[in-house]
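Since every read-out is calculated from the coordinates, none of them should be taken as a lab result. In this text the structure is predicted, and so the values were computed from the model without any measurement. Cβ atoms come from the backbone with ideal geometry, glycine included; neighbour counts cover every protein chain shown.
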Ligand SMILES: [Zn+2]
C-alpha cells in the first residue's frame, strides 16, 4: 500500500469537543463516541456534526443553490453514477468541477456510484434491503432479484457491468473508472468504489464481498494518488474508504481495521443497516477507526437516526428525505411530520412551523402552500423543501451546540420526546 500523499495535508479534520456523560448513553450501554469538529476542504470548512444536503444530479431538487446556502446547509453531496450517465464527467470537468457547475461555492461530496450501480442495476430498492431482516425467509439469497425486475448488474473481481436505468446502454464501473469519474466531477470529498451487499445475502457472500471491497479500496487509493499527481493544478480531492460488513460485528470491525491501514482521508459507513442497529453498528466502526479522521454515514432519514448516528460517532451524514417527502407535501415540525394535503390546512394561515426562521415560514402560509400542492404547482416542492432542509440543518446545528455546552442528553430527550409524542401514523 502506498504511503500518504503529500497533498493530503490540503484536507484536514480537527476534533473540538467530545460528547461527555457516557454513563447516560442509550439503553443498550453503548458508550458515547460523539464529537464536534471541523473538516477543512479547499472550498471551505464544515462544522461537524453536519447534515449534508443531497444534490444527486448536481441540484438539491427544486431548491436554488442560493437558497440552500441561505438555509444554512454547509455542503452538498452529488452522485457519481447519475452524473456519469448525464451529463458526463467531462462536462463537469470542463465547467471547473461540480461546485462551479452548479454555482455552489462551498464544500461538495460525491457518492462513488457503487450503491446506484448495484441497487438500480439489480432492481433492489434501499427500502427492501433495509427492511428484510437477516434470518427471514428472504435471507441468504445471494442472487435474488426484486419481483418484476431483471438483474442488470453483474459483479466480477475487476468491477461491475451494469445497464443504464436511463436508456438501457451497457456500462462498466471499476475502482479505476470510479476514481476517474469522481476526479473529473471534482468534489472535495469522494468515496471509494465498494460493493453493495444486502441483508438478504448469506454470511459467506458477505465475507467474500468484504474482501473484494478491500481489494477495490487499495486500487482506488492507487488510482486516486495517480490522478492527484496527473491533475496537479486542481484543488485536492479527499478520498474516504467505505466500511461494509452488513450487520456482522466481526466483519464491520475487520473492514474498519483493513481500511484504517490504508491512507484514506476519512471513512464512509455504508451498506445495509437496520434502523434498530444503526447506532450499534456506527459505534463499532467509531471504536475501530482513527480518531483524527472524519466519518460519514451514508444515507439516513429520520430525526431519531440522526441522534443515534451522532451519538455513536458519525461526523457527517446525508439524507434525501427532506426534499423527497416535501414533494409529497410532507413537512417536519418539532411535533413530528405532517402532510399538507389534509383538509384542515385549507384555511390555515400560519406558517409550516410556528417560530421557524426559514424563508418559507417567514413568507408563506400553510393554506397557500397546500393550494399550490393541490393545484400541482411546482412551487410547493420548492417551499416545502426549503423548510424541511432548514429543519434538519437547524436540528443538527442545535445538536452540535448541545455537545459543546454539555447538554446533549437533555436536548436529545426533549427533542425526540416532542417529535415522536404523536404517532408516526400522523405522516
Ligand atoms: Zn420553516
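How long is the gain from residue 420 to residue 401 if the chain were fully straight, where each residue apart is worth 0.36 nm and the alpha carbon distance is subtracted? Walk me through the intermediate numbers first.
Values: separation 19, 0.36 × 19 = 6.84 nm, distance 2.19 nm.
Result for the pair: 4.7 nm of gain on full extension.
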Counting each pair of different Cα atoms once, what's the Kirkwood radius of segment 330-426 in Å, rounded to one decimal? 14.3
Using R₀ = 35 Å, calculate the FRET efficiency as 1/(1 + (r/R₀)^6) where r is the Cβ-Cβ separation of residue 291 and residue 410; round to 0.05. 0.85
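So for segment 6-319: antiparallel DSSP bridges make up what percent, rounded to the nearest 5? Mind showing how you got there, number by number?
Values: 18 of 42 bridges.
Antiparallel bridges make up about 45 percent of those DSSP assigns within segment 6-319.
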Fewest-first ordering of 320, 68 by Cβ atoms within 10 Å yields 320, 68
Degrees between helix 249-260 axis and first principal axis of the chain (Cα, 0 to 90, nearest 10): 70
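Stretch residue 249-residue 231 to full length: gain in nm at 0.36 nm per residue minus the Cα-Cα span?
In short, 2.6 nm is gained.
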Mean shadow area (nm²) of the C-alpha convex hull around the chain is 20.0
Residues residue 166 and residue 394, FRET efficiency given R0 of 51 Å [Cβ-Cβ distance, rounded to 0.05]: 0.90
Describe numerically, in nm with one decimal, the distance between label points set 7 Å from Cα along Cα→Cβ at residue 94 and at residue 377. 3.8
Packing rank of 165-177, 259-271, where each peptide gets the mean count of other beta carbons within 10 Å, highest leading: 259-271, 165-177
Against the longest principal axis of the chain, how steep is helix 203-230, in degrees 0 to 90 to the nearest 10, with axes from Cα atoms? 80
Running a GNM on the chain with Cα contacts under 10 Å, which residue among 192, 375, 217 ends up with the highest mean-square fluctuation? 375
Under a crude label model (7 Å from the Cα following the beta-carbon direction), how far is residue 363 from residue 275 in nanometres? 3.4
Fewest-first ranking of 385, 20, 329, using other Cβ atoms within 10 Å as the exposure measure: 20, 329, 385
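Could you line up 395, 190 from fewest to most neighbouring Cβ atoms inside 10 Å? Walk me through the numbers before you get to the answer.
Details: 395 19, 190 27.
Arranged by neighbour count, lowest to highest, 395, 190 become 395, 190.
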Need one number: nm distance between label points at residue 207 and residue 341, each 7 Å from Cα along Cα→Cβ, rounded to one decimal. 4.8
Specify the inter-centroid distance of segment 352-408 and segment 256-315, based on alpha-carbon positions, in whole Å. 27
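Using mean Cβ contacts within 10 Å as the protection proxy, how do 344-354, 193-203 order, highest first? Don't skip to the end; give the middle numbers.
Numbers: 344-354: 15.1, 193-203: 22.9.
Result, highest mean Cβ count within 10 Å first: 193-203, 344-354.
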Degrees between helix 175-185 axis and first principal axis of the chain (Cα, 0 to 90, nearest 10): 50
